[in-house]
Structure formats: structure tokens, C-alpha cells
Amino acid sequence: MNLVKEGVSIDRVPIVGNTVIDALLYTRECIRKGYVRPSANVVDLPAGKKLVLATLHRRENIGLPMEAVLQALGRLGRDGDKIIVLPVHMNPEVRKQVVGALGKECNVRLIPPLQYPDFVYLLDRAWVVVSDSGGVQEEAPTFGLRILIVRETTERPEVISAGFGTLVGSDEQAILNSVRQYTSGNQRQVVAGENPFGRGNSASQIVEMLSCVRS
């Protein structure tokens, strides 16, 4: 018999997905029903530009790896058809490196960390995501987005096998090629597939299962 560490048989452990996807879809629904954006940094993005949403914060990327990623983002901004939006992490080392590399680049918007609804608003309008965040690897596929994972490994291999994610590490040329590929047309390229991390009904499944146990 296969057991998890708690001594429970694996066949008795339901897989329901991550409740963060429930929160993500709920937030998007609220936004589409009339969300008022409180952050001025999310308003007035240039019309007609293809939004590339980026997040960078992992300590192992500080230094040369992050430098290569930032170089790629700067070059992508210079393409002219894209707007790069990067909420800058509060880590002073990250902030110093990001502002130093991209502070004067055209078509690059460096903004403070966002409230969650603001981030979801941008994610829902992005063409592609460039990130080293674990959580964003789960969120981007919910909206059918490609995510370029600027790390050498990921603890979420499902995002790759499902066709949403690509490990590009700090390979500047790979980042350039991929972003340009996914922004080459006149419409956003949405991946046809189901997010392997949840469908937005994880919480309701948990409640139902716990109710059955109690009864």
C-alpha cells in the first residue's frame, strides 16, 4: 500500500487543485463587473501596446542572471510594439538592479508592488508573462497565458508539461525570441488547455468532501 507521510493511503487523498485559482477567478469576475482601479500605476498604460508582464524577486537571480533578464526586457521595450510592466520588488538589492538597468528605458513601466486586484487586472490583459515567481506559474495558465520561467528549475513541472510554461533561465536570447514569438501577431495568443493547478472550484470541493466526512 502506498502511503503519504501522515500514514494515509494515497487512494484516500482527493486532488482538488489550489484554492488560489478560486481567488484569482473570483477577483477577475469582480474586476469585470466594475472594478475601480485604485492604483494610478495601472491606469493610462499606452494604448495599442502589447503588454508583457514581468516579475523578478528570487535571491538566486540577483547579479548576473537578473542582469541578463533585464537586458532582454530593455531590448523588448525598444521593439516599439510592446509595453513592459514590472512591479519592482521591495528587496533593496533587486530594486537597485532593476532601476539601474531599466529606469530610463523606453516602453518599460517600473511600478511599485501591486494590490492583488491590480495585478489580476494586468494579468488578464497581458500577452505573455516573464517571471521567476512560483505563484505566477499557477496563475498565468488560468488565463491561457504563456509564462517564461526565468529560473533554471521549477517545482511546478506541471506548467511545462501542460504547455503553458517554458524554462528559459537567464538566457537573454531565449527570452527575446520567445516574447517576440508570442507577441508577433495582432491578437493575444491564448493556449488552449486547462490549468493543471485548478479549475476555480477547489474550495467548494473541499467543503463538500468535509461535509461528507462529518455526516
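So which residues in segment 30-50 are modelled with pLDDT of 75 or more and either touching a strand residue (DSSP E or B) at 6+ places or on another chain (Cβ under 7 Å) or within 26 Å of Asp79 (Cβ to Cβ) (or both)? The answer is Val42, Asp44, Leu45, Pro46, Ala47, Gly48, Lys49, Lys50. Return yes when Leu148 is assigned to a strand (DSSP E or B), closer than 16 Å to Lys50 by Cβ and not small (Gly, Ala, Ser) and no when it is not. Spelling it out, Leu148 is indeed assigned to a strand (DSSP E or B), closer than 16 Å to Lys50 by Cβ and not small (Gly, Ala, Ser). In segment 25-68, the qualifying residues are those that are of a type in the set (A, V, I, L, M, F, W, C) and without any contact (Cβ under 8 Å) to a residue 24 or more places away in the chain, and the one that is nearest to Gln189 (Cα to Cα) is Ala47. The residues of segment 154-213 that are in a loop (DSSP other than H, G, I, E, B), more than 20 Å from Gly134 (Cα to Cα) and either touching a strand residue (DSSP E or B) at 6+ places or on another chain (Cβ under 9 Å) or charged (D, E, K, R) (or both), listed by number, are Thr183, Arg188, Gln189. Restricting to segment 115-137, and then to whatever is outside any helix (DSSP H, G or I) and polar (S, T, N, Q), can you tell me which residue is surrounded by the most Cβ atoms within 10 Å (Cβ to Cβ)? The qualifying residue surrounded by the most Cβ atoms within 10 Å (Cβ to Cβ) is Ser131. Any chance segment 78-100 includes a residue that's among the small types (Gly, Ala, Ser), touching a helix residue (DSSP H, G or I) at 6+ places or on another chain (Cβ under 7 Å) and assigned to a helix (DSSP H, G or I)? Scanning segment 78-100, I find no residue that is among the small types (Gly, Ala, Ser), touching a helix residue (DSSP H, G or I) at 6+ places or on another chain (Cβ under 7 Å) and assigned to a helix (DSSP H, G or I), so the answer is no.
The values are calculated or read from the model by the stated rules, or taken from the named source; none is laboratory data. All values reported here derive from a predicted model rather than from experimental measurement. Ideal geometry is used to build each Cβ from the backbone, glycine not excepted, and the neighbour counts take in all protein chains shown.
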